[in-house]
Every structure is written in C-alpha cells, then in structure tokens.
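The block underneath contains the structure these notes are about, expressed in structure tokens.
Readers should treat all values here as calculations from the given coordinates under stated rules, not as data from a laboratory. Keep in mind that what you see is a predicted model, and the values were worked out from it rather than measured. Here Cβ is always computed from backbone atoms with ideal geometry, including for glycine, and neighbour counts include all displayed protein chains.
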Amino acid sequence: MLYSYDVLETQYGSDIHPGGHWFPSRCQAEQRIAIIICYRNREQHFKMLLGNLHPFLQQQQLDYTIFLVNQHGQESFNRGELFNIGFIEAQKYYPFTCFIFHDVDLLPEDIRNIYTCTDQPRHMSSAMDKFDYKLIYPKFFGGVTAFSTDDFLGTNGYSNVYWGWGGEDDDMYSRVVYKLKKSIIRYPIEIARYKMILSNKHISAPVNPHRFEILHSQYDFGLD
C-alpha cells in the first residue's frame, strides 16, 4: 500500500502528540522509547514504515517517539553517524530509556517482536524475507537493533568512519562484545521476521571498499 502524509495524518494524527510521540491512555508504559530512523532519498519507504510502525507500536501499548535523521548532500551515506546524531538529538527532548535503531526499509511482521529494551542489546531483525528468514551469519547485527541508553553509551555509539554501504553493523557487534562486554540476544526466528521494502527507483549506497580493512584494524572504539 502506498501512503501519503495526508492519509497518515488522517489515520494516526489525532492520537499522536507533537514530535511523533504516542503513549497509551489507559496504562503507564514501563519504558520511554526512541525510534531512530535514518535515510536519504527514500521518502516513500519512510511513509510505508510509518504506516506500519504506528499501529504496530500502539498495539504493543508502548510509549514511543519516532525520530527521522536525513542525510543531505552527495557524500557517501554514513549510517552509523546518522544513528549517533539521532541518539544525541533525541536526548535533548527527553531522557529516553530505550533506543531502537531502525532501517527505513524493514517492516516488522510479528506483533510478538516487542520493541523494548532489556539489560542486553537485542538484534530485532534476525529473520528477513530477503534472506529467506534466516540469520545470514552469526555476528550479523544489522537492520533493527535495540539498546538501553546506558548500553549504547557503553559502546561509545556507532563508528563514524564507515562511509558507504557496510561495516558499521559488524563494528557495533564488536563494540558490544569487546567494549561493553555483553552478548547480543535475539528473539526466535519465527518472531524476528521482517519484510524488506523493495524499490526499483532506489539506488543503493556504494559499497565501502575499505570496510573489512577498518573492521579488522582494531580501531579504538573510544575515538570514533
């Protein structure tokens, strides 16, 4: 289904507070959640994600705010840096306890995939339709991830040095394991299911040819 902002406003606008904030009226949610979405030139994907996320999160009765971070200019896309910017800017609005870092083209399929944080970072999107709903490799940590505020600060955030496609998610996996000294948890494959929005019009970011070199260089997690 294609969405317009007018349709989204009609369907969800009356219940959403300024700044993309929604909370349940009949109970008090345990966590205050920030959803950080980064993108460039993918407005239709963003509309489709909003049209799916709002009812999904509201059915889970969550207190959430959605933040969009858009990269301008022609430089190579830097997903990690955009997520870091979203984290910093979101904290200026409210002391959120949970952060969900979300690719713009992934739609959750199972309502049991709860968008909250625990005392361990969670890989939410381990089963994507693009990969036949299988975890493509054990250290895969891309797509959608969940961190408590303290855990994200403990990793020093995403690396800022990965320009172009790839590397920053594997780097974050290493930060969780070696800097934060925690393990990553996942929902069962039958729950952590996502549909990837495909588009012939979208041109993917060029692959970063140095991503493995940077990843294997033991770059100081405290500096980038």
As a Kirkwood estimate from alpha-carbon pairs, region 129-195 has a hydrodynamic radius in angstrom of 13.1 Å
Using a simple spin-label model with points 7 Å from Cα along the Cα→Cβ vector, what separation in nm is obtained for Arg112 and Met196?
2.4 nm
Contour minus Cα-Cα distance for Ser4 and Ser183 (0.36 nm per residue)
60.4 nm
Label model pair Gln44, Tyr133: point-to-point distance (7 angstrom along the Cα→beta-carbon line) in nm is 2.7 nm
Cα-only Rg/Rh for region 42-114 with Kirkwood Rh rounds to 0.97
Excluding residues fewer than 8 places away in the same chain, name every one of the lysines whose C-alpha is closer than 16 Å to that of Lys182.
Lys139
Hey, can you rank 77-89, 23-35 by average C-beta count inside 10 Å, highest first?
77-89, 23-35
Using the 10 angstrom Cβ neighbour count as an exposure proxy, how do His21, His45 rank, fewest first?
His21, His45
What FRET efficiency do you get for Gln91 and Gln59 if R0 is 41 Å and r is their Cβ-Cβ distance, rounded to the nearest 0.05?
0.95
Using only the Cα atoms of region 52-183, each taken as one equal point scatterer with no solvent, compute I(q) by the Debye sum, divide by I(0), and report log10 of the ratio at q = 0.13, 0.22 Å⁻¹.
-0.55, -1.64
